[in-house]
Amino acid sequence: MKEHVQRISRELLRHGAILDIYKDTMRLPDGKIEEWDFLDHRMGAAAVLPVLEDGRIIMVRQYRNAIERETLEIPAGSRDSKTEPTIECAKRELAEETGYQSDDLSFLLSLKTTVAFCDEFIDVYLAKDLHPGMQHLDEGEAIDVEIYTLEELLQMIYSGKLQDAKTVSAILAYAAKKFQS
């Protein structure tokens, strides 16, 4: 593409708790003008794939309004500020959502979740040497903790039962890393 898309203007439509919603007016390479939606995820996020000593993986089940059903996911959440290191966010979300704690977190991958209309990024960490504790959920959260083998989770991915992008990406990256060793 020799000519590029150009943003002419950006209008804030709604300021939300974690997202700002904009209408962008864009000039396309052929000169046409279009309006595009843009979601600004102000904080970024972190997620964690918690692996127990026996190799099983801790997951969380929670209701997601956007798809009107419960999903099975890895623990994750938004950073408290733009300057909070994502590894600290991952540690906090692990403890809050599962009750487990770990000081053995290593970087697994970084994702841009929906590049067509949102700038959200999620850094995903692998957590080992887990110590059980008590969940301390945020107000309004209802999360069940479930434990699965890697093989069970892979089967859920391939059968379409597990669809959350960060979760699928984390499990597949972990499996690839594990099977390369």
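Once segment 100-122 is narrowed to residues that are at pLDDT 95 or above and among the small types (Gly, Ala, Ser), the residue that is nearest to Arg56 (Cα to Cα) is Ser102. Scanning segment 124-146 for residues being open to solvent by 60 Å² or more (accessible area, probe 1.4 Å), among the acidic types (Asp, Glu) and modelled with pLDDT of 95 or more gives a total of 1.
Looking only at residues of segment 61-83 that are in contact (Cβ under 8 Å) with a residue 12 or more places away in the chain and acidic (Asp, Glu), we find that the one that is most open to solvent (accessible area, probe 1.4 Å) is Asp80. All but one of (1) free of Cβ contacts under 8 Å to residues at least 12 places away in the same chain; (2) open to solvent by 50 Å² or more (accessible area, probe 1.4 Å); (3) more than 15 Å from the chain's Cα centre (by Cα) hold for Gly16; which doesn't? Among (1) free of Cβ contacts under 8 Å to residues at least 12 places away in the same chain; (2) open to solvent by 50 Å² or more (accessible area, probe 1.4 Å); (3) more than 15 Å from the chain's Cα centre (by Cα), Gly16 violates only (2).
Could you name every one of the strands (runs of 3 or more DSSP E) located completely within segment 31-115 that has at least 2 residues being within 21 Å of Ile157 (Cβ to Cβ)? It would help to see each step written out before you state the result.
Working: elements: 33-41, 45-50, 57-64, 69-73, 76-78, 104-112.
In segment 31-115, the matching strands (runs of 3 or more DSSP E) lie at 45-50, 57-64, 69-73, 104-112.
One residue alone among Leu162, Leu126 is of a type outside the set (Val, Ile, Thr) and not in a loop (DSSP other than H, G, I, E, B), and that residue is Leu126.
So, of the residues in segment 84-113 that are of a type in the set (Ser, Thr, Tyr) and over 18 Å from Leu172 (Cβ atoms), which turns out to be most open to solvent (accessible area, probe 1.4 Å)?
Here the residue is Tyr100.
The values are calculated or read from the model by the stated rules, or taken from the named source; none is laboratory data. The shown structure was predicted, so the numbers you read here are calculated from the model rather than taken from an experiment. Cβ atoms come from the backbone with ideal geometry, glycine included; neighbour counts cover every protein chain shown. These area figures cover heavy atoms from the full protein model, side chains too; ligands, DNA and RNA do not enter into them. Shrake-Rupley method; radii C 1.70, N 1.55, O 1.52, S 1.80 Å.
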